[in-house]
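The values are calculated or read from the model by the stated rules, or taken from the named source; none is laboratory data. Note that this is a predicted model, so its numbers are computed, not measured. Because the Cβ atoms are built from the backbone with ideal geometry, glycine has one as well, and the counts that use them run over all protein chains shown. Note: accessible area is taken over every heavy atom of the protein model, side chains too, but ligands, DNA and RNA are not part of it. Shrake-Rupley method; radii C 1.70, N 1.55, O 1.52, S 1.80 Å.
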Amino acid sequence: MSPCTVFGCDRSFLTRLQITGLSLLLVAASAGGAWAQGADGAPGADCVQNDQGGDPYPCVGGRGGAGESVTDVETDSSGNGAVAGAIGGNGGSGGAGFYGGVGGDGGSATAQATGRSGGNNVATVTGGNGGPTGGYEDNTFGDDGGNGGSATALATGNSGRSGNVAASAWATGGSGGQAVAGGPGSGGDASATSRATSHNSGDASSSAIATGGLLGDTGGLGFFGEASGNATATATALATGGGTATAATTATAGFSYYDPQGAANATSSAESVKGALAQAQATAVGTSGEAMSTAKTSFAGVSVVSTAATGSSFLYGTSSAAAAGGSEAQSLAMTDGPYAVSAVLPDGAYAANLIDGASSVAAALLGPRGIVFGTAILEGGSATFDFAYRGDLLLGLIDVGPLDVIANGVEIFDSTTSADSIIDLGSQWGPDIDLTFIGDGKLAFGGVVPEPSTWAMMLVGFAGLGFLGYRTSFKTAVA
């Protein structure tokens, strides 16, 4: 089942944030002077075999020198934003000999950009590549390649008294060095963290992209290596004065033809207040790890959490979450990996598009007195809603495959196929309801508002949608 029928396969949200981050990265590159560049390691010393010296052991080339590790820390208080960048030095090649020398390790790179008065704040880093093994004579052996350097980027932006704020972090681990009849160097780990906080009515946007370093090449003769680099990306956006909050992450582990391969973990968190849009998306690509998105708005205490785990082979895990609106929960689901898409308090257009064609569900939830509390689209995963509601709860199964429904720990539905059907869960589960969906499905749930006279009284007593008694959270997980 594909979410394309709902979202039109529109990936504009993450694409928009990534393009913005790329533009900021190019700005950082043009700055030139703000970057720290590590020196490359020196080549290892050559070792010449002395055939007449009686040495019973072939000599080995010297190890390549390690690349220089560098750190760049930049701070801005002008409102233009801070830009920091660092590139680790490459490891030197191993020296020549009967056995080629071990390649030097690449240098690590760390960059920290801190903006205290808004603007675009960017930190970008690349770890140095590991050096290759040294040259060797015919029918003899090389040695191990050097390990790639790690990369750590941290971007933090605070809006100050006015304006929008953005933070973008980019990190790429260094590649492992080439080996010949030895072990290729491991790819460097990459960690990108961004935090954007708006203390006024401005928007806050945060993006982080991390790419683990590649495992070194074996030259066709090498032994299995260590591992490709892990990738961790974390983005947090907080808008405290009514602006929108958007966060997006992509974590891609370094690819390798050999095991073990790197893990990828992507976490996005967006929070706004006063019912403003909070939107988060995350994508993880690796043999293990997960993508997790959290969106929260203080309006009626609504929050939504989605998670998707990567598979045992090199697969995508994608998640998308939106609080207040729903139409902004655009899916990045890949056909070869699990995904989870969720929304609470979706707007009418989004709900109608999702339910389109399921006439029974539409009649129950899209009528003049119907209200949709939440929606989920799952492919091989689970979703749990935790909320408070005192009325009759209606569950609309728009299109589902194998799906279990559990309310407050009791299984109430188990089916391999059920489309366009309504389950009236009644009011016996309230006021605190724990509703879990396990399997594959596209669904919506909600209720029916009271008669107008009763409704008016409740509005006075509970201030708008507060009548729902919302303490809503939504968790999705994909195995």
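Figures for the structure shown
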read-out	value
Pairs, first more than 11 Å from S207 (Cα to Cα) in region 153-170, second among the charged types (D, E, K, R) and open to solvent by 20 Å² or more (accessible area, probe 1.4 Å), C-beta under 6 Å, six or more apart	N158/R116; N164/D203
L425 being within 23 Å of Y350 (Cα to Cα) and in a strand (DSSP E or B)	no
Residues (crowded, with 22+ Cβ neighbours inside 10 Å and of a type in the set (A, V, I, L, M, F, W, C)) located in region 365-381	L365, V372, F373, A376, I377, L378
Options G107, G81, G101: the member that is at positive phi and in a loop (DSSP other than H, G, I, E, B)	G81
Candidate set: region 63-79, residues that are of a type in the set (D, E, K, R) and under 19 Å from A169 (Cα atoms); chosen: the one most open to solvent (accessible area, probe 1.4 Å)	E74
Lone qualifier among D392, D356, D386, D424 - being in contact with a Gly (Cβ under 9 Å, 6 or more places away or on another chain) and of a type in the set (D, E)	D392
Of residues in region 202-216 being farther than 17 Å from Q279 by Cα and not β-branched (V, I, T), the one farthest from the chain's Cα centre (by Cα)	G216
Residue match in region 165-176 (condition: modelled with pLDDT under 95, over 28 Å from the mean Cα position of the chain (by Cα) and in a loop (DSSP other than H, G, I, E, B))	no
Some residue of region 150-162 being under 16 Å from G38 (Cβ atoms) and part of a loop (DSSP other than H, G, I, E, B)	yes
Number of positions in region 261-282 that are of a type outside the set (A, V, I, L, M, F, W, C), within 22 Å of L315 (Cα to Cα), assigned to a loop (DSSP other than H, G, I, E, B) and open to solvent by 10 Å² or more (accessible area, probe 1.4 Å)	1
Given (1) in a strand (DSSP E or B); (2) surrounded by fewer than 20 Cβ atoms within 10 Å (Cβ to Cβ); (3) in contact (Cβ under 8 Å) with a residue 60 or more places away in the chain, number of the condition I412 does not satisfy	(3)
Hits in region 382-397 - residues which are open to solvent by 10 Å² or more (accessible area, probe 1.4 Å) and assigned to a strand (DSSP E or B)	S382, T384, D386, L394
